[in-house]
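Everything on this sheet refers to the single structure shown next.
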Amino acid sequence: MALGVVATLVVFGAAVATLDVRADPGPQARPGAAGPAATASRPARQVLLAAAQGLDDVGSARLRFDREGPAGRGSAEGTLSWGAADAADLRVTDASGPSLLRMVDGVCYLGRDGAAGRRQADRAEVESLDPGGAGAGGYAGGWLTALVSNPGGRLHLVALAGRLSEVGPATEGGVVATHYRGSATVAALFGADQNLTPERRAVVLAYYQQQGVESLDYDIWIGEGDQLLRLRESASGRAGTEVTSTVVSEPGVAFEVRAPGPAGPAGPSSAG
């Protein structure tokens, strides 16, 4: 399954979207704190649905993505908001080198450092910015889509369509958590996604069929207050297994992102 390849630079500097979606993110788990007994005592499906709803409620977070598979590695890090304010400020790195992916008012801008010009697309068509998405109707495995999507959305689908189990207490990033596992067929998982049009769902399913991927496996770490800490997806196909990990921190974070101007230097970025 090919990694998304990032190309061309975006020059940032025009409109500014200032986001202050700092809702109460709920209690934060602390290193050394007592385990989340209330989480562990409830059914896995209930916990995962509560964690997904919590992300819907706070509206933003700082995210770290890592992807590794037969075609190589990719990563991204920065801030993302969803719901009422669709915005992103992410630094992406893969075999092509570093790039910037930003989203303002649902419009995505992708570009490589040190070049001129920009590429842009609506959020729903962000995969079209990925040269690796030439097959299966332009779908590139959802790498770019994942970068600009609320991670609670995928968690919600896993909770609805997956076979779930609780592994037990764990430590994730120095924080006490409960570790869950889930598995769902590709058809069931994307069949539960009401945000996909029938046409787009057909494209996604065709992509996974071409790759020989029949099901997706998940490891999920939930901290105190039903906070999603990390979600790891494993997809095994003909070429091998690809693993994508999403780490969530600072729920409700406020940040500022600039849309690209016609020319000029890149604007300040909150991506770290």
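Within segment 149-272, the percentage of alpha carbon pairs spaced more than 20 angstrom apart rounds to 55%. Over all other residues within a Cβ to Cβ distance under 10 Å of residue 185, the charged ones net out to 0, with Lys and Arg as +1 and Asp and Glu as -1. Over segment 192-241, with every protein chain in place, what whole percent of the accessible area is carbon and sulfur at 1.4 Å, could you tell me? With neighbouring chains kept in place, the figure for segment 192-241 is 44 percent.
Every pair of different Cα atoms in segment 126-205 enters the Kirkwood calculation, which places the hydrodynamic radius at 14.4 Å. Across the accessible surface of segment 67-128, with the other protein chains kept in place and a 1.4 Å probe, carbon and sulfur atoms take up 45 percent. Taking amide H atoms as placed 1.01 Å from N in the peptide plane, the amide H of residue 252 lies under 5 Å from those of 60, 61, each 5 or more residues away in sequence or on another chain.
The values are calculated or read from the model by the stated rules, or taken from the named source; none is laboratory data. Owing to the predicted nature of the structure, the values given are computational and were not obtained by experimental measurement. Because the Cβ atoms are built from the backbone with ideal geometry, glycine has one as well, and the counts that use them run over all protein chains shown. Ligands, DNA and RNA are stripped out before the accessible areas are found, and what is left, the full protein with its side chains, is counted by its heavy atoms. Shrake-Rupley method; radii C 1.70, N 1.55, O 1.52, S 1.80 Å.
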